[in-house]
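Below is one structure, written out as structure tokens, with a few remarks after it.
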Amino acid sequence: MLALGRIPALTLLIFINLLVPVNTTVQMGTNTLLCCPSIPLTNTLLITWIITPRGQPSCIISYKMVTREIDGTNCLGRSITWASTPDLSPDLQISAVALQHEGNYSCEIITPDGNFQKVYDLQVLVLPEVTYFPGKNRSAVCEAIAGKPAAQISWTPDGDCVTKNELHSNGTVTVRSTCHWEHNYVPAVFCQVYHVTGNQSLFIELSRGGTSSTLPSLLIILYMKMALLGIILLIVGFAFFQKRNHTRT
């Protein structure tokens, strides 16, 4: 390690700033590129990536420019690869980002003029699965399942609502909101789900009074069937008597 007293003031300031972690958010399932400090690689001696996933063992991969030797390939089994050959580009690529990729990623480049470092704090966003359904007695339920971070749910028009969050072991959160509307003049409602990966608006028709609300509909169907049967019997009877009268004449 080069003594700090031999580093010019401007270079020292850049070096200190590069140590501040860069907060990077990536949606799960996408690809991401993590870049090393932007310096010429002509005098580079060693390129090192230190990967520290949350809750998992860390690993190190390095590339020696003089001997063109790569060490620490055990990191590459986590969908993590060099973006190109390290002598051309020392950047790191993560394919199909998953929750297991969350953590710190540090690139350090050693040169005769000093060491240059850039640190990333990688956070994975998870799009929640949204479901909804009408409940009993003019109520409705809206869910945002296994999102990261937790989604927010609101209703239009406002109702008497209860919202609960369920935290899962992998860091995702399921949000369940149940609302009730007293007034009969609200035939339908909208559930709005807000999340950093995208928003959704859902339309839900309300029932008129729980399980008993289906009884009028069943009665109407029964009356219609009976009326139709009566019409059919009337037509058949009329045709029968017409045929009978014709036979007599």
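For the range 25-174, carbon and sulfur atoms together expose 52% of the accessible surface, with a 1.4 angstrom probe and every protein chain in place. Computing FRET efficiency as 1/(1 + (r/R0)^6) for Thr24 and Ile232, where r is the C-beta to C-beta distance and R0 is 41 Å, gives about 0.05.
Sorting the segments 85-97, 56-68 by their residues' average number of neighbouring beta-carbon atoms within 10 angstrom, most packed first, yields 85-97, 56-68. Taking amide H atoms as placed 1.01 Å from N in the peptide plane, the amide H of Thr25 lies under 5 Å from those of Gln123, each 5 or more residues away in sequence or on another chain. Distance between the 7 Å Cα→Cβ label points at Asn43 and Ser58: 2.8 nm. For the pair Thr85 and Phe190 in one chain, pulling the backbone fully straight at 0.36 nm per residue adds 32.6 nm over the alpha carbon distance. Charge tally around Asn43: other residues with Cβ under 14 Å, Lys/Arg +1 each, Asp/Glu -1 each, net -1. The length gained on full extension between Val141 and Gln200, counted as 0.36 nm times the residue separation minus their Cα-Cα distance, comes to 19.8 nm.
Based on Cα atoms of the range 96-177, Rg over Rh with Rh as the Kirkwood radius reads 1.29. Between Asp113 and Asn170, the simple label model (points 7 Å from Cα in the Cβ direction) yields a spacing of 4.5 nm.
The values are calculated or read from the model by the stated rules, or taken from the named source; none is laboratory data. This is a predicted model, so every value here is computed, not measured. Positions of Cβ are backbone-derived with ideal geometry, glycine not excepted, and every protein chain shown enters the neighbour counts. Side chains are part of the model used for accessible areas, which takes the heavy atoms of the whole protein and leaves out ligands, DNA and RNA. Shrake-Rupley method; radii C 1.70, N 1.55, O 1.52, S 1.80 Å.
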